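Can you keep this structure in mind? I'll have questions shortly.
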Ligand SMILES: NC(=O)c1ccc[n+]([C@@H]2O[C@H](COP(=O)([O-])OP(=O)(O)OC[C@H]3O[C@@H](n4cnc5c(N)ncnc54)[C@H](OP(=O)(O)O)[C@@H]3O)[C@@H](O)[C@H]2O)c1
């Protein structure tokens with residue numbers, strides 16, 4: 001049964017760009033940022049073992065290790081399955097995927113140690129391993145749950161058939177995929193239908209398509225979407241960012257955006273406008289701006 005805290009949260013806070021892959025947070029900056037998110041009521045953070053070339057979990061965890069109060073308040077998602085080639089993992093000679101039972105279990109142990117927690121609230125398989133065996137994955141999940149090391153399990157970036165296969169072996173609660181007004185695949189490829197069908201929570205990575213839309217953009221799709229979102233932003237007296245989040249909110253599957261910003265003011269703005277709703281016509285205006293054509 002999915003943790004009700006996750007279902008209720010308007011946003012998850014992403015950590016991918018907080019460390020060496022982005023904002024280069026110091027330990028003090030992490031602490032301030034986590035404190036400010038928690039004060040706001042946003043207590044769920046999204047990690048992956050690979051972020052910062054395998055350094056972000058430990059940098060974030062260093063705060064939790066010295067702040068027992070924060071450690072108790074936060075909920076954490078992390079992921080495994082990608083083997084990055086980096087000096088931090090000299091044994092990895094080639095970028096590849098590994099969802100073997102041994103790798104899943106070792107990854108959970110490693111993430112728990114790095115994060116300074118005894119249990120992971122959500123544990124996800126980061127990408128489908130083309131050689132994955134659902135029997136083995138189910139065994140790993142069963143063992144981890146029985147040991148009290150993970151509460152909910154799910155996947156990320158799986159096709160609908162890969163999801164269906166694994167879900168028939170072991171119950172999955174979350175599917176983390178790229179969803180935004182710029183990246184519409186999940187609306188059309190059955191991913192969100194499947195989430196509704198199985199009462200799985202869809203969490204959306206890159207809800208702003210990685211952020212390029214906010215700058216000067218020569219990309220015609222981004223430019224069209226930005227122009228359409230600006231019209232609505234003016235109408236609702238808000239920012240383009242809040243219109244793009246409202247776009248996700250319109251879908252009945254209950255998409256939870258994972259905010260990728262390192263700026264607390266941007267998180268506060270999103271939190272303040274969490275009830276902004278678009279009409280269907282406004283939603284389709286954004287859809288049409290991205291696709292460049294009227295629906296059939
Ligand atoms: N499962 C997966 O395969 C996967 C893949 C990618 C990401 N993720 C997860 O999803 C999270 C979010 O992804 P993302 O970082 O690509 O999300 P995003 O929010 O689409 O992009 C974040 C980027 O946009 C900028 N930005 C965000 N809000 C802005 C605003 N209102 N105005 C101007 N710039 C803004 C941020 O810069 P500032 O910091 O300056 O605001 C940052 O550079 C990650 O942290 C990670 O946890 C998962």
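Every number here is computed from the coordinates shown, using simple stated rules; none is lab data. Here the structure is a predicted model, which is why all the values come from computation and not from measurement. Because the Cβ atoms are built from the backbone with ideal geometry, glycine has one as well, and the counts that use them run over all protein chains shown.
Against the longest alpha carbon principal axis of the chain, how many degrees, from 0 to 90 and to the nearest 10, is the axis of helix 160-169 turned?
40 degrees
Let me ask something else about it. Once you have the Cα-Cα distance between residue 227 and residue 288, take 0.36 nm times their residue separation minus that, and quote the gain in nm to one decimal.
Values: separation 61, 0.36 × 61 = 21.96 nm, distance 1.18 nm.
Net length gain for the segment: 20.8 nm.
Relative to the longest principal Cα axis of the chain, at what angle does helix 56-66 sit, 0 to 90 degrees, rounded to 10?
70 degrees
Taking 0.36 nm per residue of separation and subtracting the Cα-Cα distance, what length does fully extending residue 102 through residue 272 add?
56.9 nm
Here's another thing I want to ask about it. In terms of the Cα gyration tensor, with a ≥ b ≥ c the square roots of its eigenvalues, is the range 93-152 rounded because a/c is under 1.5, prolate because a/b exceeds b/c, or oblate?
Details: a/c = 2.23, a/b = 1.36, b/c = 1.63.
It comes out oblate by the Cα gyration axes.
Please say if the range 120-180 is rounded, prolate or oblate, where rounded means a/c under 1.5 for a ≥ b ≥ c the square roots of the C-alpha gyration tensor eigenvalues, and otherwise the choice is prolate for a/b larger than b/c and oblate otherwise?
The shape class here is oblate.
For the chain, find the longest principal axis of its Cα atoms and tell me its angle to the long axis of helix 27-40, 0 to 90°, nearest 10.
60 degrees
For a distance above 31 Å, tell me the whole-number percent of Cα pairs in the chain that qualify.
29 percent
Which of the peptides 76-83, 54-61, 269-276 is most tightly packed, and how do the rest follow, judged by the mean count of other Cβ atoms within 10 Å per residue?
In descending order of packing, they fall as 76-83, 54-61, 269-276.
Quick one: go through the range 223-265 and flag any residue whose amide nitrogen is under 14 Å from the point 7 Å out along the Cα-to-Cβ line of residue 212.
Only 223-226 pass the distance filter.
Based on DSSP, what percent of beta bridges with both residues in the chain are antiparallel, to the nearest 5?
10 percent
Separate question: Given an 8 Å cut-off on Cα distances and at least 6 residues of separation, report the relative contact order of the range 4-178 as a percent. List each step's numbers first, then the result.
Values: 292 pairs, mean separation 30.3, N = 175.
Normalised by residue count, the contact order of the range 4-178 is 17 percent.
In the Gaussian network model of the chain, springs joining C-alpha atoms below 10 Å, which of 133, 189, 237 carries the largest mean-square fluctuation?
Result: 237 has the largest fluctuation of those listed.
Looking at the square roots a ≥ b ≥ c of the eigenvalues of the Cα gyration tensor of the range 1-151, which shape do they give, rounded for a/c under 1.5, prolate if a/b is larger than b/c, or oblate?
oblate
If I build a Gaussian network model for the chain, linking alpha-carbon pairs within less than 10 angstrom, which residue out of 284, 30, 51 has the largest mean-square fluctuation?
Looking only at 284, 30, 51, the largest GNM fluctuation is found for 284.
Could you state the number of Å between the C-alpha centres of the range 29-61 and the range 234-260?
Result: 22 Å between the Cα centres.
Using a Gaussian network for the chain with springs between C-alpha atoms less than 10 Å apart, which of these wobbles most: 264, 50, 256?
Top of the fluctuation ranking is 264.
Let me ask something additional. For the chain, what does -39500 (n - 2.57) per DSSP helix run (n ≥ 4), summed and divided by total residues, give at 222 nm, in deg cm²/dmol to the nearest 500?
About -13500 deg cm²/dmol.
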